[in-house]
Structure formats: structure tokens, C-alpha cells
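Mind looking over this structure? Questions follow.
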Amino acid sequence: MISITPVTTRADRKRWIEFPYRKFASHPTWVPPLLLQEWEDTDPKKNPFFDHSDVQLFLALEGDKVVGRVAALSDRNYNEFHKEATCLFSNFEADSLEIGRSLMATVEMWGKARGAEIVKGPSKITQNDMMGFLVENFEDPPTVMMNYNPPEYPAWMGELGYVKSEDTFAWKMTVEQGLPERVGRIAERVKKNLRVTLRSISKKDIDRDALILRQIYNAAWDDNWGFVPWTESEIEHLRDQLKQVADFKLSFIAEIDGKPVAFSVVLPDINEALPGTGGRLLPFGLLKLLTLKPKRMRLLALGILPEYHGRGLDALLYAETFWRGKGTYRTGEFGWTLESNEGINNGMRALGAVPYKRYRIFEKKL
């Protein structure tokens, strides 16, 4: 018999966090996230998402054995911004369809009790990190801060009455491809004609630059599917994360006449060091991270103030990232991007990138 139980103790939360590490221990593609980050993400005292959201973790048990997990989220900021009554689900894992059915029925009941009219997911435990289930390319391992799931999960969603809400892409480009000549010409022209100053985001002055990122991001992404404005505490949380993992040489703020108008953030792919660590820094994980010379990077985010769209600033940011990064990295991943955002996707194609992974966010009306 399968029972679904809410997580109420630290011991329960430990079992909830560690379930996928056991489930995928020998999986050739899954990469273990850092356990410290998983604990932080589920801690109301450390994750600012909890400031404006109700969160409940659930375990699926067969006797005393954990066979599944999920989290139900009610994000007041998301519902207010989009004028919706939505319940989100995240961190879904299950050993079978029937276990998944029980978990999702629990999420739906939890959502209904809070007035939800629709369930969407999967997301991380923060709306702006929503990525969906991987539905194409299960062979390439995930990059830093991207997820992996087995192929059956998306199929199960259909069995449970869920339909596509939105797809997202991850794009791939290699140094060997080279930067298209046209993109380089546009970048040089933009620097000259718009008098753009491009500077690296400063680790020393990260407090100042994090506020600039928040200002541009909240304006640039305002019309995008699923967007929720960053709060002050969320940008402070992101700031602390970037201090640990960002490649500051390749993360830029573009200014015109002293006004910040665009930014981009690049992360080295620390996932290259994590297989075999079980997500633990000790005894070997920290050494692997400290000695890692990653060959893959991820462009995490790019934002341009709406009044500067169409002026080639995206080409400038892409070109500078390529020119300055080609001596360090061999491969770049860009994303995720929304399937509905034709502007950014056309920019990816012009760059020569290919959409090598697809993720799907599902929804179900209650």
C-alpha cells in the first residue's frame, strides 16, 4: 500500500531531499545537485521564495520505504501578478505511474483547499527557475542549475490529465562553429554607433550590480510567460549565489551614456565536477570543484530594457561572450528560452546555436 505523507520533521526533509540520490545513483546521465543547495532551497529561513509562498513537501511511502516525492507551491506573488489562482508543483520523483498519480492527486487536493483553479509545473522552489520536464535529448547530461528526469515522467503527465502549457529550449553552440561574421559586424557597429560601454559585473561591487540586474530583469521580462518580478530579498539571495559560481569575466552590464541598459550572466558548468560525489563536498567534491577547469559554460540570463530592443545589444553581448570565452570553454549552452519568445529564439538561430534540449511545463485545470 502506498501512503502520501506531508514532510513535518527534519528527518522527513532529509529523506525527501535524498530520495533522487538513491533513485539515480547509478544513472549515467543524472548529475547529483549539491546537497547543501538542496537543503537551502527547502529552508524557509534561507530561501526567500517562502516569504511570499506556501510550500508543502510530500513523501510517497511503501511501508517505511520512500518511493516518491513532490512539493506543492502556492506563490502569492505569481497569482497576483498573473491574476490567476494557480498551484505549482515541483521536485516530482516517483518509482511508478501509480505512485505519481497518488502524489499529483495530493497536490491537486492541496491546491483546491487554497482556492487553486489550475496546477502547473514542474518548477523549482522559485517561480523564475521553472524549467519543466525534459522531453527531448536524454543523452546529454544537464548543465549547472538545469534538471534531468527520465523519459517516462512527461508521458505520465498525459496519463494524469495534464497538457502542455509552455515549452522551453536549451541551445548549444561550440567554439569550432565560430561566430557568424554577420553577428560580429553587428556587434562592432553597435559599440560604435550607440557608444556602448560594456563592463564585467563586479564581484567587489556585487551589491550595486545585483540591484542593476534586478531593475533590468524586472523590466525586460515583464511580458514573458510565467514571469514574476524579483523581490529585494530574492535578488540578495541570487547575489550570494552568483558570488560563488558566476564567471565574472564573461558576465556583463552594457551602459549607454552611463545608463545600464542590458546585462548577461555566465556560469561555468560545475556539473562537470559533480558525478561521483553524491552531491557532497567532502571528502572529494570540494577538491574536484576547486581544481575543475570546465569546458562548458551556460549563459544563465540576458536582459535588455524594452526601449532598447531591436538595436543589436543582444548581438553585442553574445559576440563578446564568444570572443572572450573561446580561450576557456569549448561549448556553450544558452537558456532556457521560451518557445513563445520568437525574438530571443531568432537571435539564437542567427548566432548559429541549435535547440538541443526541450523542456515542457504542464498544466491541468481543477
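Please enumerate the residues belonging to region 110-143 that are out of contact with any Ser or Thr (no Cβ under 9 Å at 6 or more places or on another chain) and surrounded by fewer than 21 Cβ atoms within 10 Å (Cβ to Cβ).
Passing the criteria: Lys112, Ala113, Asn128, Val135, Glu136, Asn137.
Inspect all residues belonging to region 245-252 and state whether any of them is in a helix (DSSP H, G or I) and either touching a residue at least 60 places away in the same chain (Cβ under 8 Å) or within 20 Å of Leu198 (Cα to Cα) (or both). Working first, answer last.
As a first pass, look at region 245-252 and keep what is in a helix (DSSP H, G or I): 245.
Cutting the leftovers down to either touching a residue at least 60 places away in the same chain (Cβ under 8 Å) or within 20 Å of Leu198 (Cα to Cα) (or both) gives us 245.
Checked region 245-252: at least one residue is in a helix (DSSP H, G or I) and either touching a residue at least 60 places away in the same chain (Cβ under 8 Å) or within 20 Å of Leu198 (Cα to Cα) (or both).
Please verify whether region 91-108 includes one or more residues that are surrounded by fewer than 16 Cβ atoms within 10 Å (Cβ to Cβ), among the polar types (S, T, N, Q) and not in a helix (DSSP H, G or I).
Yes, region 91-108 has at least one match.
If you don't mind, there's one more thing I want to ask. What pairs come out if I take residues in region 222-242 that are not assigned by TED's automatic domain parsing to the domain that holds Arg76 and pair them with residues that are surrounded by 14 or more Cβ atoms within 10 Å (Cβ to Cβ) and among the small types (Gly, Ala, Ser) whose C-beta lies under 6 Å away, six or more apart or interchain?
Listed by first residue and then by second, the contacts come to Ile235/Ala210; Arg239/Ala210.
Restricting to region 43-74, count the residues that are farther than 27 Å from Ala155 by Cβ, among the acidic types (Asp, Glu) and not in a helix (DSSP H, G or I).
The number of residues fulfilling the criteria is 3.
What are the residues in region 206-223 that are of a type outside the set (A, V, I, L, M) and over 28 Å from Asp43 (Cβ atoms), if any? Lay out the reasoning, then the answer.
Step one: list which residues in region 206-223 are of a type outside the set (A, V, I, L, M), which gives 207-209, 214-215, 217-218, 221-223.
Result: Asp222, Asp223.
For region 129-205, give me every one of the strands (runs of 3 or more DSSP E) that falls completely inside it and has 3 or more residues that are of a type in the set (A, V, I, L, M). First the steps, then the outcome.
Working: elements: 133-136, 163-174, 196-200.
Those strands (runs of 3 or more DSSP E) span 163-174.
Also: When only residues in region 332-357 that are in a strand (DSSP E or B) and surrounded by fewer than 18 Cβ atoms within 10 Å (Cβ to Cβ) count, which is nearest to the chain's Cα centre (by Cα)?
Of all residues in region 332-357, those in a strand (DSSP E or B) come to 332-338, 354-357.
Going one step further and asking which of them are surrounded by fewer than 18 Cβ atoms within 10 Å (Cβ to Cβ), we end up with 354, 356.
Numbers: Val354: 19, Tyr356: 16 Å.
Here the answer is Tyr356.
Considering each residue of region 90-109, count those that are over 25 Å from the mean Cα position of the chain (by Cα), hydrophobic (A, V, I, L, M, F, W, C) and over 18 Å from Lys23 (Cα atoms), and give that number.
2
Right, something else. Of all residues in region 265-288, which are part of a helix (DSSP H, G or I), surrounded by 17 or more Cβ atoms within 10 Å (Cβ to Cβ) and touching a Leu at 6+ places or on another chain (Cβ under 8 Å)?
Step one: filter region 265-288 for residues part of a helix (DSSP H, G or I), giving 270-273, 285-288.
Checking which are surrounded by 17 or more Cβ atoms within 10 Å (Cβ to Cβ) leaves us with 270-273, 285.
Ile270, Glu272, Ala273, Gly285, listed by residue number.
List every residue pair whose Cβ atoms lie under 6 Å apart, where the two residues are 6 or more positions apart in sequence or sit on different chains, the first residue falls within region 197-219 and is under 14 Å from Val261 (Cα atoms), and the second residue, located anywhere, is in a helix (DSSP H, G or I) and not acidic (Asp, Glu).
Ala210/Ile235; Ala210/Arg239; Arg214/Ile235
The values are calculated or read from the model by the stated rules, or taken from the named source; none is laboratory data. This structure is a prediction, so every number in the text was calculated from the model and none was measured. Methodologically, a virtual Cβ is constructed for each residue, glycine included, from the backbone with ideal geometry; neighbour enumeration extends over all protein chains shown.
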